[in-house]
Every structure is written in C-alpha cells, then in structure tokens.
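Scroll down for the structure; my scribbles are underneath it.
The values are calculated or read from the model by the stated rules, or taken from the named source; none is laboratory data. This is a predicted model, so every value here is computed, not measured. Cβ sites come from the backbone with ideal geometry, for glycine too, and all protein chains shown count toward neighbours. These accessible areas exclude ligands, DNA and RNA; they are computed on the full protein's heavy atoms, side chains included. Shrake-Rupley method; radii C 1.70, N 1.55, O 1.52, S 1.80 Å.
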Amino acid sequence: MTTKLKLQKIYKRYGSKLVLNGLDLDVEDGEFMVVLGPSGMGKSTLLRVIVGIESLTAGKVIVDGRDVSNLPPNKRDIAMVFQNYALYPNMTAYKNIAFPLRMSRMPAAEINKKVNEIAETLKIADILDRNINLLSGGQKQRVALARSLVRNPKMFLLDEPLSNLDARVRFSARTELKKLQKELGYTFMYVTHDQQEASTLADRVAVLRNGQIEQLDDYEHLINAPKSRWLGDFVGDFPMNFIDGKIIGKEDKEIGFRDSWISEKGNDLSATVEYCQVNEDIYRAYCKIDDEDEEETTPGKRSVVSDDKKTSVILRVGKRYNPGDKVHFSLTRYNVYLKGLLETSVTE
Amino acid sequence: MQSKNKIGMILLYIAAIILAVVFFFPIWILILTSFQPSNLSVYAKYPSLILQSFTLSNVISSFKTPSNGLVGSLLRSLEVAFIVGFLSLGLAIPASYGLSKISARISNKIIVLLFLVNMMPGLVIAIPIASDFIRLGIQNTSPFVVFSVAFAQELVVLPLTVFVILGGFRSLPKDLENQARVDGANFRTAFARLLIPLNKIAILVAFLLAWMTSWDEFTYAVIVAPIAPSNTTFPVTLQNYVSYGYPLISATFALVASVPVIILAVFLMKYLKGGYLSGGLIG
Amino acid sequence: MATPRGLQMFKYDSLNKVVMLNTANDNTMLPRSDRIALKQNLLYFLFALPAVVYVISLSFYPAINVVYDSFIFKDKFSLSNYTGLVGENLYPALIDTLIVSVGALLIQLMFALAVAMIMIKPFKGNRIFSTIVIIPFGISTVVSAWVFSEIFSAIGGYANSFLILFGITVNWHATSTSELGIVMFSDFWKNTPLIALILFGGLSSISPSMYEAASVDGAGPFKRFLHITLPAIAPLMGIALLIRGVAEFNIFALPLVLVGYSPPFMNTLIYSNYESVLNVGFAYSASVILLVIIMIYAAIVLALGGAPKYAK
C-alpha cells in the first residue's frame, strides 16, 4: 500500500496559539481516513492547511511523493468539500460541477461527458439544470461532492459535509458515501466530531487532540483499547467507565471498562442505580459505585460516603432496574491505566 | 383582538395616505406648472390645484433655449454622471474586496474614515480646486469642466459606493473564494469570473446610486463650473435660469428630465429595499 | 531533523510537547505563516488604498489650503477674516444653520422611521405607497427647491390656494422663522425617502417571531417598539445620524434657491462672499468655522457610539 498523503511535523500557529503542534500522519492510498476530534480543536484547520488555503507555520505536506507545502491551492490537485458546501450561488448544478473542469480549460464536449457521468454515479442527473438555490440539503451535498469528484484529483478532503443535513438524510448519505468511496477507490480524508460517522465510515480513525494525533487505529481498537484516559472518555457513544484500581488491588492505577464488559452473574462490585435508560432493546443503568466499606443503606439512614464523591458508571444490564436498586456485577474485561495511559488489557 | 387590528389598520391607512399625499404633492405641482400655460400657474395669484388646461408649449420652449442652455447642460450632466459612476466602480470594487477580507473591526473603521472625509463642506473643497483652475486658465474648456466636476463629485459618492459593494461582498458565502481556488482557479479568474458576477446586483446598485447622486449634485458643480450654460451641469443651469427669471421653462425641462431618473429610482428601490444599504452590518 | 528557523522560540517540556516561549518582536523571526498572513493583509490594504488615498488627498489638501488662506489678509497673517465676518451675518448664519440642521435631522429621522414601518407592513396599497415615497429621490434638489418656492410664496402660491379654502393666507416669507420652516420642510421632503429605505433594510431583518414572543410575554405595541424595533435599527440610525447630520450642516442648494441669501446659512454665506471678489477671505474663514462645527458634531456622534459594528 502506498502512502497517498504524508504530513510531516505540521505546525500551525494562530496568534500565540499553536493549533497544530508537530502533527504527523500518513494516509494510505484508497483509504477512508476519518479525523475525529472535539469541536474547535483544529480539525478544519488541518484540512485547510493540507489543501493550501491556510499557510503552514512549519512542516511538510507531501502528496503522492510530491511536496506541495509551498504550492497555492489551485496547484495541489486536492479537492475539498466545505461544511456549508460553498456552492456557487445563482448557478445551476451543472455549472457548479463543471466549474473545476472549466478552470483546467477542458473542451466543452468533454466537460459535458464528465459532468453527466458523475451526475449519473451520484444520482443527480435529473437536477443538473436546476439552480442550486432551489435544491434540498441532500441534493446540495451531492452536487458539492460531484464537483469535487469530477476532477479526478489525487485525494479528497471533506469537512463535516453531512452535519447540515437532518438525521435521516444524514444516515443514508453516510452509507452512500462509504459505498461510493469503495467503488471509486479514491483516498478520502474526512473530518468530524460525530462518533457514528467515524465508526461507519472509517478504515482508520485519527483522533486529533491538542494539535496532535493522539491515536491512530481502526475504530474497533479505539473503542476497545484507547491509549489514554481522555480517549476512553471521548471515543464511543458512551464514555468508558473508570474506577479506582484498588478494587482489584492495584491502588495507583485506574480500571477502564466499557458498559458491556460486565457480567451480572458476578458479585465483585456493586452499584446503586440512579436511573435506567432503554434504547430499543438495550438497557443501560446509570449507577454510582458503592463504596466497599459501606453498609446496606436502610431507608432513613444516610450513607457513609457522600454521593458526589462516588464514581459514576454506565452498565449494560439485562433488565430494567428502578432507581435505588443495587446491581451486582463482575468485570469480564478491562483495561489498566497508569497515570492516564494504557498499560494492559485484561480479559477474564 | 380583531378590533385592535382593525383600528391599527385604519391608522396605518390614514398615515400612509397622508404621507403619500405629502410626498406626491410637489410632483403634482410640477406637473401643473409644466403642462399648463403660465397664466394658470406661476403668474396666477392663487394657482389652481386642478389641471385646467393642457399645453406642451412650455416643453417645446425649453428645448429651444438660447445657446442650447438646458439641453447642453443636460448632456454635460450625463457625461459627468457616467464618469462619476464608472470611476466609483473602478475605485470602490477593489476597495470593497480588500476591506471584505480584512477583519471587520479594522475595515469598519476605514469605512467610518471614508464617510468622515465626506463631511468636509463641499465649498471648502471646491473653492481651492476652482481657484487652481482659474489660475491655470482652464476653467471654461469643456473637457476639463466635465472631468473636474466629476472628480470633485467622486468624493461625495465614493464612501457610499464602497459601503454598498462591501455589503455585497460580505453577503457571499464564506468559503466561496477558497472553493474556487481549490477548484483550480487562480486569483484573477476567481475574482473576474466569480466574485464580480455574483456581486453584480450590489455593483449595479452602487453604480446607480453614484450616478443619481452626481446627477443631483450642486455644490461642487456650482463652484467649479458656474459659467456658460451649456458648459455646466444641469442643476447649475437650472438655478441660473431660475435666478435670471425663466423659472417656468427650467421647471418644465426639469420635470421631463426627471422622468427617467424617477424610473431609475423606482427600479433601484426594489434592490435598496433588499438591504443593500446596510453594508453587511445587519444579519 | 534540523530545527526550522521559526521554531527557535519553542522548547520541549518533559512530556515532549512543544511549549511556546514568547512572541518574537522581530518580523523576520516570525514563523513563515505569520509573515505570509501579514503580507496577505497588506495586499488587501493595497486594494483599498486607491479609494482611500483619493478621498483623503482630495479632501485634506484643499481643506488645508482653505484653512491657511483664511488666516491671510493682504499677504500677511491676520485674523481679520474672522473678525470681519461677525459684521457679515456670521451669528445669524450660525444659528440658522444649527436650527435647521438639528430640526430637519430629527424630523427626517422620525418620519423616515414612520415611513419604513409603514412600508414593511403588507397592505393593499403598499406598492403604490413605496413608489410614491421614492419619487423625491429622483427629483433634482434645485427643481424641488423651485417647486417649493412656488408652493410657499409670500403672496399666493399653491399652499395659499389650498389654505384660502379655509379663509386663511400665510406669507411664507414674512419672518425668518417661517422661511426657516419652509427650508426645513423642503429638506425633509427630499431626504426622508433615502433614510426610510436604509431603515427599512434594518426593519426587515427583524424576524416577526420576536414580536410574537414579546406579545405573548405581555408587551404592548409601545414596549415592543422600544425593546425590539429600536435596538435592531440602532446601528442604522447611528449611520443615518452621522451621514445625514453632516449633510444637513452642509445644506446649500435648497436655501439658495428657496430663500436666497437671507436668512443666511453658513454655506450661502460662504458662497455670497466667494462670489464677490472683495470678500473672498470671508468665504475662507466661514468655511473653516463650518468645518470645525461639523467635526465637533461628528466627534460627538461617534463618541456616542455611532461607529458601525459588524453584526455577524
């Protein structure tokens, strides 16, 4: 597998703030790479620096072995889809898609062929003549995508292109996008803060934090073996549970486990349910871990340790619990963290 | 609730009618004086408020004024107005583009600066310019008159033009230019083939505003080019005729000449209503 | 790999993460991107330069000339241009200008707001109303001034044709007060439409749901106006105040045609002195005085927050 895009020690400074801080990343040819990160952490900046509309403070951007760091955006042969699509107003869909081809001085007949081809692929052939002001969100997204694809560039950057769509449309657009990328074999770099998107779309996920890639892995590994406590908290629809290591006799360490890594048949730990959430046929109990020394509370008697100091956990349980109920469980699987970093993974 | 609305609507209609009458009344008077014989209008003590007879003699006389005074000055005004209009675009389009790219804090201060400079009394500016022309002996030669008046009027017009076109640029989608660059356009192409055409309404509005302001402009014109009726602008000639005692002919001609300008104004209004006068400050 | 020049100001802390030291003061020490950003901003300033230079040079240079010349009498420095001006109706001109400027400005703003509020409501005659209201914009100032002089005559005239139906006549040129009045009215007629359009733009940006919400909260029409309408158009009012206010002080064509040189206004005073060769110096000094008044006015308006703020 060849490296399509190589980012070497990228630094980007805004005023006194280092938004990108020595970032390294390799994107493989034909890969769907998702850059995941909380909002405002520099994801968009990363894309803008790669495509060239923002300048680099230091570092190199290498595409297909060619150093493009000093080239203007129109010479880098990279396509980009912006979050609000940046469609050319008052132009038809056809004109929008044809624009990049007109810039490369392609003859009109060939432009026509290419635009129609891509419109067929993306199923927007019937709206080509319509003014883009009249299109729906989903149609606009596809026109923006078509515009970027029509040029056959070296790679594609996408800046949260689905975030402006409503939920149902977003879901179908997502799956279509993944299918499209696989069929055409292009290299995509897709930026988002949405966990669902990352898990559905990505071949590999790069988590961006503090201007650097905190972990680069496929989504499954990110979920199961997050390298740091922050990652465990951030990645996944539900944060990873963290409890004090003394429960397994390792007091200077922390135990991290996902909500499903428990068995209710065991009795090592107990927690008091605060409330129970039902989602389709999955029950999740939001609990607080009971202190070991604590006695069974009888009504009217206050517990020894105040509620605020207790650790909150989310547990995947088999049935609905009522607030105040106790859940007894053991861990079937857990990660051990020392000073916030992953040490080992243990499976019982 | 219904009755409250009804009262509100009645008040609205009353206010609207009163205001409409107030704003239309002078036009009506102008029509009365232009298309009636003078004994029914300017020479009558209590001229009638109703059209009593219709004549085109005033209109015909006005086109035949000595040394083509009125018609000639109309042409001068046209020339000046077009120069002012195109000069504004030439200066304001790049200025607005540059300002739209700079942070709003700084660019707004520059706009304020431009409008501030506008505040110089016209006479303050015009008098030295005119004196220079007198010294150079060129104040009466036709091409110089037109250009000198135009350049002076440009001062008044430029801040407004920049304001309107800047509003246009600011209303374009944020990443538009970036997208064009990514799509392979160099700066020149992106500017000429995309930014300008997308902004063409604001540019048109700005041009028309500049044109109409120049057309109406009096202060600079009267100082820089006061003499020789066919060699000065329309408002100056009008004022000359009025003060020399031929007001009727001037007014008639003025009405006739105002018709295209009124049509322009009505046409412009559609766009002015659309917020082109807000410079991107609201919304 | 060798440390790039721009990174000399960074150091690595214990976690091998880069930590900023301090911002460089020397431009060449700036990392490449900041230099590029600076160059880009400079480039954009350059775009604006021709317009700005044009406006500044064409207004400052003559203005400085006038200021200089106002202090010259018979080729030497003297204040006689100023002192002599007092005998030439300076004070009446000042007062007249102030009265009309402030008065006309307030009237224009009020009526422009009323017109804008009417224009924004959907009602049957809206199109016609809007069209009629814009007409003054297309009529030349000189023409409108002449028409108003026909309307407001000393004897007879169209206004009196109407009033005589009620048995009264008014000599509109009897007192300087009445003459100031007709100047103000004509000025109001000519200029209100444009301000109305500007304010209309502001009004149309207020979403109706704000009024609905306020109404549900119990706010009557007056309160809604005070707390929703006014704040929304405040920046535009500020601009109108600045631009129109300055233009009001500069009023010239209208009084010249309507009332001639008396009652005097600053600009007609300047003009009458300019026309007579003997008194050119008075024209200069009067110009400087007017300039100072305008600058003070503009400073006051700006200090009260008249500078536009970008809402986005």
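Some observations on this one:
- Some residue of region B:32-51 being open to solvent by 90 Å² or more (accessible area, probe 1.4 Å), under 30 Å from C:Gly220 (Cβ atoms) and either under 26 Å from the mean Cα position of the chain (by Cα) or modelled with pLDDT under 85 (or both): no
Every residue, every condition in (1) more than 26 Å from C:Ile300 (Cα to Cα); (2) in contact (Cβ under 8 Å) with a residue 40 or more places away in the chain, yes or no:
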| site | (1), (2) |
| --- | --- |
| C:Phe222 | yes, no |
| C:Leu226 | no, no |
| C:Ala234 | no, no |
| C:Val246 | no, yes |
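- Some residue of region B:85-94 being of a type in the set (S, T, N, Q) and at pLDDT 75 or above: yes
- The single condition among (1) of a type outside the set (A, V, I, L, M); (2) more than 10 Å from chain B (Cβ to nearest Cβ); (3) under 22 Å from A:Ala198 (Cα atoms); (4) surrounded by 18 or more Cβ atoms within 10 Å (Cβ to Cβ) that A:Ser69 does not satisfy is (3).
- Checking each residue in region C:53-77 for being among the aliphatic types (A, V, I, L, M) and either outside any helix (DSSP H, G or I) or at the interface with chain B (Cβ under 7 Å from one of its Cβ atoms) (or both) picks out C:Val55, C:Ile56, C:Leu58, C:Ala63, C:Val66, C:Ile72.
- A:Ile62 being touching a strand residue (DSSP E or B) at 6+ places or on another chain (Cβ under 9 Å) and not acidic (Asp, Glu): yes
- Qualifying positions in region A:77-92 - in contact with a strand residue (DSSP E or B) (Cβ under 8 Å, 6 or more places away or on another chain) and open to solvent by less than 10 Å² (accessible area, probe 1.4 Å): A:Ile78, A:Ala79, A:Met80, A:Val81, A:Phe82
- Residue in region A:70-113 that is farthest from A:Leu5 (Cα to Cα), counting only those that are part of a helix (DSSP H, G or I) and among the polar types (S, T, N, Q): A:Asn112
- Of all residues in region C:103-124, those being in contact (Cβ under 8 Å) with a residue 40 or more places away in the chain and over 14 Å from B:Met9 (Cα atoms) number 11.
- Enumerated strands (runs of 3 or more DSSP E) restricted to region A:300-348, each holding at least 3 residues that are over 30 Å from the mean Cα position of the chain (by Cα) and either modelled with pLDDT under 85 or more than 30 Å from A:Gln215 (Cβ to Cβ) (or both): A:326-331
- For C:Ile243, the test of being closer than 28 Å to B:Leu116 by Cα, outside any helix (DSSP H, G or I) and among the aliphatic types (A, V, I, L, M) is failed.
- Any chance B:Ile249 is crowded, with 20+ Cβ neighbours inside 10 Å, of a type in the set (Val, Ile, Thr) and at pLDDT below 80: yes
- Filtered residues of region B:146-171 (kept if within 14 Å of chain A (Cβ to nearest Cβ) and either more than 26 Å from the chain's Cα centre (by Cα) or open to solvent by less than 20 Å² (accessible area, probe 1.4 Å) (or both)): B:Gly168, B:Phe169
- Only helices (runs of 4 or more DSSP H) whose full extent lies in region B:6-118 are considered here, and the ones with at least 2 residues that are at the interface with chain C (Cβ under 9 Å from one of its Cβ atoms) and touching a residue at least 12 places away in the same chain (Cβ under 8 Å) are B:69-101, B:104-117.
Listed here are the residues, each with its yes/no results for (1) within 7 Å of chain B (Cβ to nearest Cβ); (2) closer than 28 Å to C:Ile243 by Cα.
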site: C:Ala154; (1), (2): no, no
site: C:Gly157; (1), (2): no, no
site: C:Gly181; (1), (2): no, yes
site: C:Ser186; (1), (2): no, yes
site: C:Trp189; (1), (2): yes, yes
site: C:Ala196; (1), (2): no, yes
site: C:Ser209; (1), (2): no, no
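- Hits in region A:207-222 - residues which are more than 11 Å from the chain's Cα centre (by Cα) and under 14 Å from A:Asn21 (Cβ atoms): A:Arg209, A:Asn210, A:Gly211, A:Gln212, A:Ile213, A:Glu214
- Test for B:Phe54: is it aromatic (Phe, Trp, Tyr) and surrounded by 19 or more Cβ atoms within 10 Å (Cβ to Cβ): no
- In region A:318-342, the residues that are on the phi < 0 side of the Ramachandran plot and surrounded by 13 or more Cβ atoms within 10 Å (Cβ to Cβ) form Cβ pairs under 9 Å with partners that are aromatic (Phe, Trp, Tyr) and part of a loop (DSSP other than H, G, I, E, B), at six or more places apart or across chains, as follows: A:Val327/A:Tyr321; A:Leu331/A:Trp261; A:Thr332/A:Trp261; A:Arg333/A:Trp261; A:Tyr334/A:Trp261.
- Failed condition for C:Ser209, given (1) open to solvent by less than 50 Å² (accessible area, probe 1.4 Å); (2) at pLDDT below 85: (1)
- Qualifying residue in region C:204-220 (condition: in contact (Cβ under 8 Å) with a residue 40 or more places away in the chain and either assigned by TED's automatic domain parsing to the domain that holds C:Ile296 or of a type outside the set (D, E, K, R) (or both)): yes
- Of the residues in region C:128-141, none is in a helix (DSSP H, G or I), touching a Gly at 6+ places or on another chain (Cβ under 8 Å) and buried (at least 23 other Cβ atoms within 10 Å of the Cβ).
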